[in-house]
1. Just to verify a result, which residue in the stretch 130-160, among those that are in a helix (DSSP H, G or I) and touching a Phe, Trp or Tyr at 6+ places or on another chain (Cβ under 6 Å), is nearest to residue 107 (Cα to Cα)?
2. In the stretch 114-129, which residues are assigned to a helix (DSSP H, G or I) and either within 15 Å of residue 172 (Cβ to Cβ) or modelled with pLDDT of 90 or more (or both)?
3. Please find, within the stretch 91-109, the residue that is surrounded by the most Cβ atoms within 10 Å (Cβ to Cβ) out of those that are touching a residue at least 40 places away in the same chain (Cβ under 8 Å) and aliphatic (A, V, I, L, M).
4. Residue check, residue 104 against (1) under 19 Å from residue 31 (Cα atoms); (2) more than 19 Å from the chain's Cα centre (by Cα), all met but one. Which one?
5. Evaluate the stretch 162-184: report whether one residue or more is closer than 30 Å to residue 79 by Cβ, part of a helix (DSSP H, G or I) and small (Gly, Ala, Ser).
6. Any idea which residue in the stretch 17-33 is farthest from residue 99 (Cα to Cα), counting only those that are assigned to a strand (DSSP E or B) and at pLDDT 85 or above?
7. Based on this model, can you work out whether residue 81 counts as in contact with a Leu (Cβ under 6 Å, 6 or more places away or on another chain), part of a strand (DSSP E or B) and closer than 25 Å to residue 124 by Cα?
Amino acid sequence: MAIEKHTTDSFVLEGYERAEHDKVFALFTREFGLVLAHAKSIRKLESKLRAHVLPGSMATVTLVKGKDVWRLVGAQEKHASKRFMPEIVFYLKRFMKGEGANKALYDRIVSLLGRVDAYDDSKSRTLLLYVILVSLGYADAKVIGAKDIKEYARFTVDDLYTHLLLSYVPVRNHVISVMKEMQL
């Protein structure tokens with residue numbers, strides 16, 4: 001019986017030491033959502049994976065689904081903007097719950113990271129948080145100017161940024177209100 005390997009892009013959210021040389025990584029993957037992946041012997045100096053799965057980075061990872069756990073068997077760090085990576089890591093760790101593909105959220109965050117140099121810093125942070133909150137069901141998609149969630153889903157990141165500029169105060173206030181409700 002062949003072992004099925006899954007290769008997917010991911011955000012490396014956190015790493016936890018386990019046993020003498022192992023580590024468990026919290027990954028937000030494009031294909032599987034939030035995954036805890038066990039990496040054997042990754043803390044050894046001769047480990048080839050250790051430089052490619054650093055918390056607060058992006059990587060293309062190869063995972064094997066075991067009986068009870070995911071195993072990290074390959075990784076290649078992706079070069080991406082690190083500008084909002086601490087915020088992305090914080091919000092995803094805080095709001096993501098369990099496995100389940102969330103390709104739309106993953107793609108939105110990656111698109112936003114690709115455009116951050118063209119956008120205002122504080123507005124980009126607000127947009128990032130708003131996108132995460134809407135995608136995970138905590139915030140209302142209509143606040144930014146969409147008629148419904150389907151129209152919101154069709155917006156590109158540039159569309160979202162334009163709508164954010166037109167309705168910045170209501171969006172910011174909505175995000176603050178949602179954060180207060182969640183006691184953050």
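1. 132
2. Passing the criteria: 121, 122, 123, 124, 125, 126, 127, 128, 129.
3. 109
4. Residue 104 satisfies every listed condition except (2).
5. no
6. The extreme case among them is 23.
7. No, not satisfied.
Results for (1) outside any strand (DSSP E or B); (2) under 20 Å from residue 92 (Cα atoms); (3) in contact (Cβ under 8 Å) with a residue 24 or more places away in the chain; (4) not charged (D, E, K, R), shown as yes or no for each residue.
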position	(1), (2), (3), (4)
6	no, no, yes, yes
12	no, yes, yes, yes
35	no, yes, yes, yes
55	yes, yes, yes, yes
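The values are calculated or read from the model by the stated rules, or taken from the named source; none is laboratory data. All of these numbers come straight from a predicted model, not from anything done at the bench. Neighbour counts are summed over all protein chains in view; Cβ atoms, including those assigned to glycine, are modelled from backbone coordinates with ideal geometry.
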